[in-house]
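A short worksheet on the structure shown next.
The values are calculated or read from the model by the stated rules, or taken from the named source; none is laboratory data. The shown structure was predicted, so the numbers you read here are calculated from the model rather than taken from an experiment. In this analysis, Cβ positions are derived from the backbone assuming ideal geometry, glycine residues included, and neighbour counts consider all displayed protein chains.
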2 protein chains.
Amino acid sequence: MVAKFSVMRKCAQTGARLGRLETGPKTIKTPCFMPVGTQGTVKAVTVPELQEMGTDLILGNCYHLFLRPGVEIIARHGGLHSFINWPGALLTDSGGFQIFSLGGLRKIDDNGVSFTSHIDGKIHFLTPERVTRLQNIIGADLAMVLDQCPPYPAEYNEVKTAVKRTALWARRCKQAHLRDDQALFAIVQGGVYEDLRRQSARQLVEMNFPGYAIGGLSVGEPKELMYAALDSTVPELPEDKIRYLMGVGSPDALLEAVRYGVDIFDSVLPTRIARNGRVMTSRGYLSIRNSVYGADLDPIDEDCSCQVCANYSRAYIRHLLNAGEILGLRLTTYHNLYYLDRFMREIRAALAADRFKLYYKQMSPRLKQLYGGVK
Amino acid sequence: MVAKFSVMRKCAQTGARLGRLETGPKTIKTPCFMPVGTQGTVKAVTVPELQEMGTDLILGNCYHLFLRPGVEIIARHGGLHSFINWPGALLTDSGGFQIFSLGGLRKIDDNGVSFTSHIDGKIHFLTPERVTRLQNIIGADLAMVLDQCPPYPAEYNEVKTAVKRTALWARRCKQAHLRDDQALFAIVQGGVYEDLRRQSARQLVEMNFPGYAIGGLSVGEPKELMYAALDSTVPELPEDKIRYLMGVGSPDALLEAVRYGVDIFDSVLPTRIARNGRVMTSRGYLSIRNSVYGADLDPIDEDCSCQVCANYSRAYIRHLLNAGEILGLRLTTYHNLYYLDRFMREIRAALAADRFKLYYKQMSPRLKQLYGGVK
């Protein structure tokens, strides 16, 4: 199998598991957080910097890359890995989420979705088959089906339709998928409706995908509803397949979802907030542009071992951001990605040492207090 | 002496020289190009990246750093080196050029200059003594006197006044300069008037500074007039002191000025044009945003050995710039700085091998053709 997932160790008291996903010669240690490189780069960082942090897997977006620069150019380079010079593992999202975020700009029926490009206003039509072929051409190690992702809040019937269509499209994507060296994952929908979550998961599991994503969450719903949705979804998913919760990057939610048995995550959160001067620390978020840091010689986070914290003061980083210097964004982005990578390493270490439950009990209240109130 | 300059080798047929400036434990190999880090960072690159390229010396700007973040914060960090975490050699420009570029926003007399901050509209008054003290506090290895830099074109009498005031201020800066571990360089003015150039140089040489800058050039005058000004200035400067041509970064002009006997250079050119997608190559400037590079798999410059050229195609870099990705600016900036650093290394190698004249004869017409017409 192209994406061989092995559970190395399972927490006896929770659903959490330590795993390893092998895709060709590449190994992804799980649970892990996947930095988002929508347009063919993780914003503001280089490949060597990602490697230095220990990143195994990054994500690109089929919808964005299709619109710009176009898949022909990527194909000419021999695929996305070589276009962006990333030797690690790559996943492409189908872009379902992005297309459905366009709102009035798109039209959808069972056949597919037509939408207006946010770049040049051109009208495009994408079907499950076409999105699969595009991802085949882009050539990431892992690809995603085209799904329909309803917003939050959404009426029961709207979500029910999305679940039905998502299953229909998943089947068509699977049939259209041609690359043996690329694994296609399904995406469970169902919003915050427990029966629809279970239904969606069962329909997709029946089709036997090599991995399952949990989509349609982290779209504005309260975190408790997201956890409830995980509680209905995860038990429906096979033990021996990888589970991917889409759009989650807040430390409290990462820990919670790991406890339910989720293995991989992605979110623009760490990189996006970094560009606004917001950094993650062992004491919660810190808005480095705040004038209180104007003469602060401490690093962003005293407990952090990253290069930014080893070499630069809060006052310097604040100055860079205030002066509009690109280096400021580089440093905050690097720190936030490193912070999450180290956090996931800590979770893996706790799982490896059979002390995840204890780790969870110690960390969960603290993380909820520090990060729970903030999206 | 704090800035010990040694001429290692002199070209027998031109004024060019291979040198070494020692400032404390730091050695600067000359001729060299100094990347500009106006606000406490070379725009878009990190310290390790500068070191990787082989940069010995970078420049900060007293005027900018005084306004933001303020010298008190820099002093608290123990000086600019540690504020920005740069272990190499540092020079601060006084900011004379920046203040005089403010035009209507400033008033000047023999005592000093008052100006309105471009950041918050506050009025400041700077004297030669104050600028020197500020640079003492900032603590770079090399500091510059406050000079008066007339624009181009400027009437003879205006330039004559500036020459007189520059000499007066240079003497006051020298008297106010208190740090033994920092060398203060004078700045020759005189515009494009040969007699004023000679007069300015003689007045300053009489005061015995450890180094001499040539200012007031590269401010819009034709390159031939700049070379004529070098021809009148350089012979007036002592053989055993370092010579610094301010504001020059175009390859053709660098080679020409080295031939006249200039040792160090700075300019925002390589970093500024990089952010506009313009890169330096062995075949001249290349505007990477041009649609002809949309599917171009070649590196920026096939003859370049930098990491950007080793790893990324023109098509990818163009895509990044078009998509507004910070990585695009990082890659073009890195390449341009590397390009100039390698160019200066080549010049030093030619000098070391006693073949500068031949190198000059081969390269000069080509560089003038490629870069001569463009500012």
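Which number in (1) touching a helix residue (DSSP H, G or I) at 6+ places or on another chain (Cβ under 7 Å); (2) under 30 Å from B:D120 (Cβ atoms); (3) small (G, A, S) marks the one condition that B:S82 misses?
All conditions are met except number (1).
Tell me yes or no: at least one residue of the range B:342-351 is surrounded by fewer than 22 Cβ atoms within 10 Å (Cβ to Cβ) and within 30 Å of A:I73 (Cβ to Cβ).
Scanning the range B:342-351 turns up at least one residue that is surrounded by fewer than 22 Cβ atoms within 10 Å (Cβ to Cβ) and within 30 Å of A:I73 (Cβ to Cβ).
Checking B:I300 against (1) away from chain A (no Cβ under 11 Å); (2) buried (at least 23 other Cβ atoms within 10 Å of the Cβ); (3) under 24 Å from the mean Cα position of the chain (by Cα), which test does it fail?
With respect to (1) away from chain A (no Cβ under 11 Å); (2) buried (at least 23 other Cβ atoms within 10 Å of the Cβ); (3) under 24 Å from the mean Cα position of the chain (by Cα), B:I300 is out only on (3).
Against the condition over 26 Å from the mean Cα position of the chain (by Cα), more than 11 Å from every other protein chain (Cβ to nearest Cβ) and either over 20 Å from A:I74 (Cα atoms) or of a type in the set (S, T, N, Q) (or both), how does B:N322 come out, does it pass?
So B:N322 does not fit the description; no.
With the checklist (1) among the aliphatic types (A, V, I, L, M); (2) over 22 Å from A:I264 (Cα atoms); (3) surrounded by 24 or more Cβ atoms within 10 Å (Cβ to Cβ) in hand, flag the one item A:A140 doesn't pass.
It is condition (2) that A:A140 fails.
Pick from A:V234, A:V258: which is assigned to a helix (DSSP H, G or I), among the hydrophobic types (A, V, I, L, M, F, W, C), in contact with a helix residue (DSSP H, G or I) (Cβ under 8 Å, 6 or more places away or on another chain) and surrounded by fewer than 23 Cβ atoms within 10 Å (Cβ to Cβ)?
A:V234
Checking the condition at pLDDT 95 or above and touching a His at 6+ places or on another chain (Cβ under 7 Å), which residue from A:V308, A:V292 passes?
After ruling out the rest, the residue left standing is A:V308.
Would you check which residues across the range A:57-76 are farther than 16 Å from A:T38 by Cβ and surrounded by 20 or more Cβ atoms within 10 Å (Cβ to Cβ) and list them?
Residue satisfying the conditions is A:I73 alone.
Could you grab me the full set of residues in the range B:204-229 that are surrounded by fewer than 20 Cβ atoms within 10 Å (Cβ to Cβ) and polar (S, T, N, Q)?
Within the range B:204-229, just B:N208 meets the criteria.
Please determine whether any residue of the range B:276-290 is more than 8 Å from every other protein chain (Cβ to nearest Cβ) and part of a helix (DSSP H, G or I).
no
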